[in-house]
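Please treat every number below as a calculation from the coordinates, not as lab data. Computed from a prediction, not measured in an experiment: that's the story for all the values here. Quick reminder, even Gly has a Cβ in these numbers, built from the backbone with ideal geometry, and neighbours come from all protein chains shown.
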Amino acid sequence: MNHLLTIGDLEADQIQSILDLSAELEKNPKSVLTGKNIAFVFEKPSLRTKVGTEVAINHLNGNVIPIDADLIFSSGKAVPFTSRESLKDAMMNVSQWCDAVFARVYSHNTLKKMADYGEIPVVNALCDQHHPMQALADLYTMQQKFGKDQKLTITYVGDANNVAFSLIEIGLKLGHTLKFSGPKEYSWKEEQLGYFSLLAVEHGGTFIQTSDPFEAVYETDLVYADTFISMGEEHLYDEKIRHFEPYQVNEKLFSQAKSSAGFLHCLPAHRGVEVTDEVIDHKNSWVYQQAKNRMIVSKGVFATLLTGVKTEIQTNGAVKVPS
Ligand code: CP
Ligand code: NVA
C-alpha cells in the first residue's frame, strides 16, 4: 500500500496483517521508525488520533513533525494574498523532508490531492467520509474481545457518517454481519448501499439497514454509536438533531442486545445525547480500551507503510517481527 486513505485501499489479508503486526509491536516494541519523520497536519481538532498516534510513533523511535494546518491548506482562501502557496507546492516541499503525512481534513478530496501532489505516503486521520484508523482500532478491539475467528453481528446506531462508513467497510471485508439503523433522512446513498452489498457478497458477510433501532440491536454482539453531528456540520444541528432522538443508545435499547454484547464509541461522546451514562459506563462498554487501541494499530500502519516490516506467521501460529 502506498497511502491509507480509506479501508477500501486494503485487502482483508492486509488488514489482518496490520493488526497482527500492531499486536506484536505493542508486545515487543522495536525501533522500526528510527530516522522516519512523520508530518502531522490537522484541519480539525483531535485528541485520540493525534495523541495516540504520536505516542505510537514515539514508541517505535520515529519523529512527529507538527505542521500548522494553515501552511498546507491556505490555498482555498478566497481573499487574494491570504493564501501562502498552493497545496501542490506545500506537499512537494514537505516531501523533501518528511517520510509520510498524517492528515485530518474536512474534505476527502483534499486527501486525494495531497496523495497526488506529494511524493510520500498520506494517511487519513479522518475526513468527512472516512476514518480508517478508527476502523482498524475498532476491529482490533473486537478481535481482543471475541477472537479472530468468530463471525459477529455488529450494529451501528445513528448517523451515516465517516466512522460508520469505515466500520461497515472493515466489518464486511472481514465477513461479519453489519446492521445499520438511523433516520432515513440521513442514511446512505444508493451507490453506497450498492457498495456495501457488493462487499457482503464478495466476503461472505451481510449488510442490513433498518430505521428501527430495536430491530437492529436485537440479539446483536456489539452496539456502536458516534455523534449525531460531526465536525464541520455544526450549522446543521437544529435541522438534524430532532430526527435522531429515537437513536440514542440507552439502557432500554442496549438491553435488546445479547447479554454478553459490548458497546463501542469512537469518542468524543456526547453523554445524554447519542449515548447515556448507563451505557457508556456499563461493564460491557469497551470505549477506553478501544481508545488505547488507536495507539496500538497506528504502530502497525506506520511500520507497514514506512518500513516494509511484515509479520511472519510461524507454523505454531505465533507472530514474529523480524528485527
Ligand atoms: N475518535 C477520534 O478520532 O477521536 P479524536 O477526534 O479525538 O481524534
Ligand atoms: N463523526 C465524528 C467522528 C469524530 C471522531 C466527526 O467526524 O466529527
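Just tell me, in residue order, which DSSP H segments of the chain are both 24 angstrom or longer along the helix axis (alpha-carbon based) and at least 0.0 in mean Kyte-Doolittle hydropathy.
Working: long enough: 287-307 (30 Å, 0.30).
Within the chain the helices that satisfy the rule are 287-307.
Estimate the FRET efficiency between Val201 and Ser83 by the formula 1/(1 + (r/R0)^6), using the beta-carbon distance for r and 56 Å for R0, to the nearest 0.05.
Working: r = 46 Å, r/R0 = 0.82.
Efficiency at R0 = 56 Å is approximately 0.75.
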Computed from the beta carbon distance with a Förster radius of 22 Å, FRET efficiency for Val51 and Ser107 to the nearest 0.05 stands at 0.35
Scattering profile of region 175-323 from the Debye formula, Cα beads only, expressed as log10 I(q)/I(0) at q = 0.12, 0.15, 0.18, 0.21 Å⁻¹, is -0.68, -0.98, -1.20, -1.34
Among trypsin sites (Lys or Arg not before Pro) in region 160-253, those in a DSSP loop whose Cβ has at most 12 other Cβ atoms within 10 Å are Lys189, Arg242
Per residue, the convex hull enclosing the Cα atoms of the chain spans a volume in Å³ of 133
For region 10-93, inverting the pair-averaged 1/r of distinct alpha-carbon atoms gives a Kirkwood value in Å of 15.3
Label model pair Asp70, Phe146: point-to-point distance (7 angstrom along the Cα→beta-carbon line) in nm is 4.6
From the cross-link list Lys44/Lys113; Lys27/Lys173; Lys36/Lys292; Lys44/Lys252, the entries with a Cα-Cα span beyond 29 Å are Lys44/Lys252
Filtered hits (aspartates and glutamates, Cα-Cα < 18 Å from Lys258, offset >= 8 within chain) -> Asp212, Glu215, Glu219, Asp221, Glu278, Asp281
